[in-house]
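Taking it in order: structure first as structure tokens, then the write-up.
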Amino acid sequence: MLHASCFLKFVVYLSFMKSSLFLSLLFLVCGSAFGQHLSKEVVEQKLPGIWVLDHYMIGEMSYPPKTGHEKDRVVYYADHTADSYSGDAMLKVVWTYDESTGVLTISEKEKNFLITMYVISIEEKEAVMQIEYPGGKNYRTFWKPLQ
């Protein structure tokens, strides 16, 4: 639930700025409308392992991984490093989680790679994350653990 002050900011600014970038920033400042973010301890406990992209959603439409990306996966390690496999490419990255915003950041400095995702949930059989792009195109990604 949004705090009253955040809701007031939302109403006032919405009349002046309707860009998705602004709404994304408001989301970061005020927190998730879905409730509390996962604690850092929960993410650090549940995230390490091999996660395979199962499908993603744009709006209400669900899509399988694109051709050539059926085996995309990320191997998260407890030391906050990870190996990201996409198509035929592998990238060694670093991950961080910000409990105050619910944002997981994956980065690699040499290749100038950076992606941020809202962690919606991490359960034993599924992890759900949302990537928000300027212009309002939001992807919700669904990951399954590799058994």
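A few remarks follow.
- For GLY102, neighbours were defined as the other residues whose beta-carbon sits under 15 Å from its Cβ, and their charges (Lys and Arg +1, Asp and Glu -1) total -2.
- One compactness figure for segment 44-147 is 1.02, namely its Cα radius of gyration divided by 2.2 N^0.38 Å.
- Calculated FRET value between GLU70 and ILE115, using beta carbons and R₀ = 22 Å, to 0.05: 0.65
- In Hz, Karplus ³J(HN,Hα) per residue of segment 81-87 (6.51, -1.76, 1.60; θ = phi - 60°; x = Gly, Pro): 10, 7, 10, 10, 10, 9, x
- Sites listed here are trypsin sites (Lys or Arg not before Pro) in segment 38-147 whose DSSP assignment is loop and whose Cβ has at most 13 other Cβ atoms within 10 Å: LYS66, LYS71, LYS109, LYS111, LYS125, LYS137.
- Taking MET57, MET117, MET90 and ordering them by how much accessible surface each has at a 1.4 Å probe, largest first, produces MET90, MET57, MET117.
- When you filter the chymotrypsin sites (Phe, Trp or Tyr not before Pro) in segment 63-147 for DSSP loop state and at most 15 other Cβ atoms inside 10 Å of their Cβ, you are left with TYR77.
- Electrostatic tally near LEU53: other residues with Cβ closer than 9 Å to its Cβ, Lys and Arg +1, Asp and Glu -1, net 0.
- Across LYS109/LYS144; LYS40/LYS137; LYS66/LYS125, pairs whose alpha-carbon gap is larger than 25 Å: LYS109/LYS144; LYS40/LYS137
The values are calculated or read from the model by the stated rules, or taken from the named source; none is laboratory data. Note that the structure is a prediction, hence the values are computed from the model and not measured. All Cβ positions, glycine included, derive from the backbone under ideal geometry; neighbour counts span all protein chains shown. For the accessible areas, the whole protein counts, side chains as well, though only heavy atoms, and no ligand, DNA or RNA atoms are used. Shrake-Rupley method; radii C 1.70, N 1.55, O 1.52, S 1.80 Å.
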